[in-house]
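Read the structure below first, then the notes.
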Amino acid sequence: KKRTKAQVSIEFIIITGVILFFFVGFLIVLNFSLEDARRQKENTFMKDLALTVRKEVGIAAHSSEGYYREFFITPTISGRDYYINITQNVLQIKTNRNSLTLAVEEVNGTIQKGQNIIRKSGGNTQLN
């Protein structure tokens, strides 16, 4: 009987270990899937923001003299801080996980998070 009790105990420990191993593996896979979903959501928000900025700059660049418009740039993307800049007709948006660049029309000035003003003055498109 002592042998049988020991065998049952060992089998119980082995089965518990195997179940625990698969459970931890499942949690790891689930975590990777959730992280990938968050990254894709952040990337989608970045693309939407970039296309909005490109549209605003494009409309102003092709508008007549005196065009004036205010638009808002979100302070965070998916609750995270980000970097946004336009240099040499290239819009750049960066977060800790993603980076996006997009060509835009020629514009002078700097883009900022929050309220932005874009205008056409002296034949040039001006930001802020």
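The values are calculated or read from the model by the stated rules, or taken from the named source; none is laboratory data. A quick note: this is a predicted structure, and the numbers were derived from the prediction, not measured. Using ideal geometry, Cβ is built from the backbone for each residue, glycine included, and neighbour counts are taken over all protein chains shown. What goes into the accessible areas is simple: the full protein's heavy atoms, side chains included, and nothing from ligands, DNA or RNA. Shrake-Rupley method; radii C 1.70, N 1.55, O 1.52, S 1.80 Å.
Looking only at the chain, where both bridge partners belong to it, what percent of the DSSP beta bridges are antiparallel (to the nearest 5)?
Roughly 90 percent of the DSSP beta bridges within the chain come out antiparallel.
Once Rg/Rh (Cα atoms, Kirkwood Rh) is worked out from the coordinates, which option in (1) 1.18; (2) 1.47; (3) 1.00 does it equal?
The value matching this structure is (2).
Go ahead and collect, in residue order, the members of the range 70-97 whose backbone nitrogen is under 19 Å from a label point 7 Å along the Cα-Cβ direction of residue 39.
77-83, 93-97
Given 87, 125, 66, which one lies farthest toward the positive end of the charge dipole of the range 36-128, if we put +1 on the Cβ of every Lys and Arg and -1 on the Cβ of every Asp and Glu?
So the residue we want is 87.
Sequence neighbours fewer than 8 away in the same chain don't count; with that in mind, list the lysines whose C-alpha is under 21 Å from residue 5.
none
Leaving out ligands and nucleic acids, note down the accessible area per residue over the chain with a 1.4 angstrom probe, in whole Å².
Each residue of the chain exposes 70 Å² on average to a 1.4 Å probe.
What is the packing order of peptides 39-45, 26-32, 109-115, taking the mean over residues of other C-beta atoms within 10 Å and listing the highest first?
Order by mean packing, descending: 39-45, 109-115, 26-32.
Provide the net charge surrounding residue 123, with neighbours chosen by a C-beta distance below 12 Å and charges set as Lys +1, Arg +1, Asp -1, Glu -1.
0
Using a probe of 1.4 angstrom, how much of the accessible area of the chain is carbon and sulfur, in percent?
On the chain, the fraction of accessible area on carbon and sulfur atoms equals 58 percent.
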